[in-house]
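Only the coordinates and a few stated rules stand behind these numbers; no lab work does. Being a predicted model, the structure only gives us computed values, none of them experimental. Neighbour counts run over all protein chains shown; Cβ positions are idealised from the backbone, glycine included.
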Amino acid sequence: MADQFDVIEAGERGRRRWVGLVVVLALLLVPVVGLLVSRDPDPETASVNRTPAPIRSLTRVKSAPNILTVPARKKGGDEVIQVVFPDGARAEVRYPAGLGLAGMGSRPFRAGWVDGMFRQFVAPYGGEVEITRGGRALRNYAPHVTLWPRQAGSGLYGQVLLFAFGPWRLAMYDRGQGLTFEQRTTLAENLRGRVTKDGYLVLTGRNGVRLGEPGEHAQGEPIGPQLWFGGATGEMVALVPTPDCERQARMPGVVEGRGRPAEMVCRGDVLVAATGPAPFRTKAISGIRVTMK
């Protein structure tokens, strides 16, 4: 071995080192050139051809919003829609036509308790794909109830129970240590949903599942049946039946928690809360009228 090292180090060291460096650089350049040749077209070329290369690392899943849009009836300069809250109560909603409330679409919200544990039941704006992300469920608790992993960036929230009631998808985001297997089974079996002929979702609970009623509060916000119009990153209106509203009104968490200016007003026994640009809020707060039936 000593003789080999002597041979390598003997003679014209500078020239030998230079030759060795050239060989090493050549070996390094081969894979680099291969990568350059096989890469996708650059963005400029793709934009000229108007055919961008597909993103192979992502699975694209399309999903319609999890909302209900009902036809509006014209009445002077206003529009009128008939709504059903998720406890089955019906109402007529009248608003300035320029507000476009019917076109925003509505979603149900309700909260309650399972074996004394408080939880909320939300219709994700993006529907099923907002929860599943194109993946697979961890478990099935019933033909219409599945369990999904904790979502990235969900803070204190844990795994998600996803309910399918007809075309509606309803999510229960678990908290802290989460519900037990038995409590999740209780929810799967005893949270019931029916879809009215006009498309609204009505929820009921039984046998260990109790849902909040109009006027009830928990954690500083109303938890009774609500209808949410709009959402995602746009304007939003929440209608919250609230007996003795002037005294019992609380800003709904979904409106207050969006990090934008919000306003609310009582219209009889219904709280109207809105968030969005100032002109939108003004029109919603001053113009929406709700008549319970």
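From the residues Val254, Phe109, Phe163, which one has its Cα farthest along the dipole of region 73-292 in the positive direction, the dipole being from +1 and -1 charges on Cβ of Lys/Arg and Asp/Glu about the Cα centre?
Phe163
What are the ³J(HN,Hα) couplings of region 183-197, residue after residue, when phi is run through the Karplus curve with 6.51, -1.76, 1.60 and θ = phi - 60°? Round to Hz, x for glycine and proline.
Computed from phi, the couplings for region 183-197 are 5, 5, 5, 4, 4, 4, 8, 10, 8, 10, x, 10, 9, 6, 5 Hz.
Going by the alpha-carbon gyration tensor, a ≥ b ≥ c the square roots of its eigenvalues, is region 73-292 rounded (a/c under 1.5) or, if a/c is not under 1.5, prolate (a/b greater than b/c) versus oblate?
prolate
If the limit is 20 Å between Cα atoms, which of Lys75/Lys197; Lys197/Lys293; Lys74/Lys197 go over it? Before the final figure, lay out the partial values.
Details: Lys75/Lys197 24 Å; Lys197/Lys293 17 Å; Lys74/Lys197 22 Å.
As for pairs spanning more than 20 Å Cα to Cα, those are Lys75/Lys197; Lys74/Lys197.
Could you compute the net charge surrounding Met251? Neighbours are other residues with a C-beta less than 12 Å from the C-beta of Met251; K and R count +1, D and E count -1.
On the way: positive: Arg250, Arg258; negative: Glu221, Glu256, Glu263.
It works out to a net charge of -1.
How much length, in nm to one decimal, is gained on full extension between Ser286 and Arg175, taken as 0.36 nm per residue of separation minus their Cα-Cα distance?
Numbers: separation 111, 0.36 × 111 = 39.96 nm, distance 3.70 nm.
Here the answer is 36.3 nm.
Using Cβ contacts closer than 10 Å as the measure, can you line up Leu162, Leu187 from fewest to most?
On the way: Leu162 20, Leu187 25.
Arranged by neighbour count, lowest to highest, Leu162, Leu187 become Leu162, Leu187.
Using the crude model of +1 on Lys and Arg Cβ and -1 on Asp and Glu Cβ, and no other charge, please compute the dipole size for region 87-228 relative to its Cα centre, in debye to 20.
Details: 17 positive and 12 negative charges, 64 e Å.
Roughly 300 debye, rounded to the nearest 20.
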